[in-house]
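Asks: Following this message is one structure expressed as structure tokens.
The values are calculated or read from the model by the stated rules, or taken from the named source; none is laboratory data. Quick caveat, the model's predicted, so the values are computed rather than measured. Here the Cβ is made from the backbone with ideal geometry for all residues, glycine too, and neighbour counts use every protein chain on show.
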Amino acid sequence: MFQPMKAPITLTDAAAARVRDLMAKSPEDGVIGLRVGVKNTGCSGLSYVIEYAKDRKKFEDLVEDKGVSILIDPTAVMFILGSEMDYKEDKLFSGFVFNNPNETGRCGCGESFSVAAAAKA
């Protein structure tokens, strides 16, 4: 029996609401969603990157969840597979946070994360 492929990430209601808000305030025309990726940085090695997406790049996964579109950079999939994207806001912080089952460590300030050495290869 055919089973549909599971999306690389899921979104909480709070994350979807924030994406809708950002899309409504987009500084450019033609934005189709937000792109999620990772970059090498910080004391733990990797950091999440979120940017406006005006087009779908080759090999990108498209996640349509709760009425919003998230594009996953193909180089990030192995680091964020199975993650939940959330949005948190309190007196000292507001931003997207990722509940990522692949993380093996996180720096003290929370800006970067690491994954098992086998996953980096």
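Asks: Just to verify a result, which residue in the range 60-74, among those that are under 14 Å from MET23 (Cβ atoms) and not polar (S, T, N, Q), is surrounded by the most Cβ atoms within 10 Å (Cβ to Cβ)? Reasoning before the result, please.
Replies: Here is the first cut: in the range 60-74, the residues under 14 Å from MET23 (Cβ atoms) are 64-71.
Within this subset, residues satisfying the condition of being not polar (S, T, N, Q) are 64-68, 70-71.
Values: GLU64: 11, ASP65: 16, LYS66: 15, GLY67: 10, VAL68: 18, ILE70: 26, LEU71: 20.
Only one residue tops the list, namely ILE70.
Asks: Same structure again: Go through the range 40-59 and give me each residue that's at pLDDT 90 or above and surrounded by 18 or more Cβ atoms within 10 Å (Cβ to Cβ). Can you show your working first?
Replies: Narrowing the range 40-59 to residues at pLDDT 90 or above: 49-59.
Within the range 40-59, just ALA53 meets the criteria.
Asks: What number of residues within the range 31-60 satisfy the criterion of being of a type in the set (A, V, I, L, M, F, W, C) and touching a residue at least 60 places away in the same chain (Cβ under 8 Å)? Give the steps one after another, and end with the answer.
Replies: To start, the set of residues in the range 31-60 that are of a type in the set (A, V, I, L, M, F, W, C) comprises 31-32, 34, 36, 38, 43, 46, 49-50, 53, 59.
The next check asks that each one be touching a residue at least 60 places away in the same chain (Cβ under 8 Å); those that pass are 43, 46.
Looking only at that region, the number is 2.
Asks: Please determine, by comparing only the residues of the range 61-91 that are assigned to a loop (DSSP other than H, G, I, E, B) and over 24 Å from SER114 (Cβ atoms), which one is farthest from the chain's Cα centre (by Cα). Give the steps one after another, and end with the answer.
Replies: Quick first cut of the range 61-91, residues assigned to a loop (DSSP other than H, G, I, E, B) only: 66-67, 73-76, 81-82, 90-91.
Subset that is over 24 Å from SER114 (Cβ atoms): 66-67, 90-91.
Details: LYS66: 15, GLY67: 16, ASP90: 20, LYS91: 23 Å.
Result: LYS91.
Asks: Out of everything in the range 75-100 that is loosely packed, with under 14 Cβ neighbours inside 10 Å and touching an Asp or Glu at 6+ places or on another chain (Cβ under 9 Å), what residue ends up being nearest to THR12 (Cα to Cα)?
Replies: Step one: of the range 75-100, the residues loosely packed, with under 14 Cβ neighbours inside 10 Å are 75, 82, 88-95, 99.
Imposing the further condition that a residue be touching an Asp or Glu at 6+ places or on another chain (Cβ under 9 Å) reduces the set to 95, 99.
Working: GLY95: 13, ASN99: 11 Å.
Within the range 75-100, the match that is nearest to THR12 (Cα to Cα) is ASN99.
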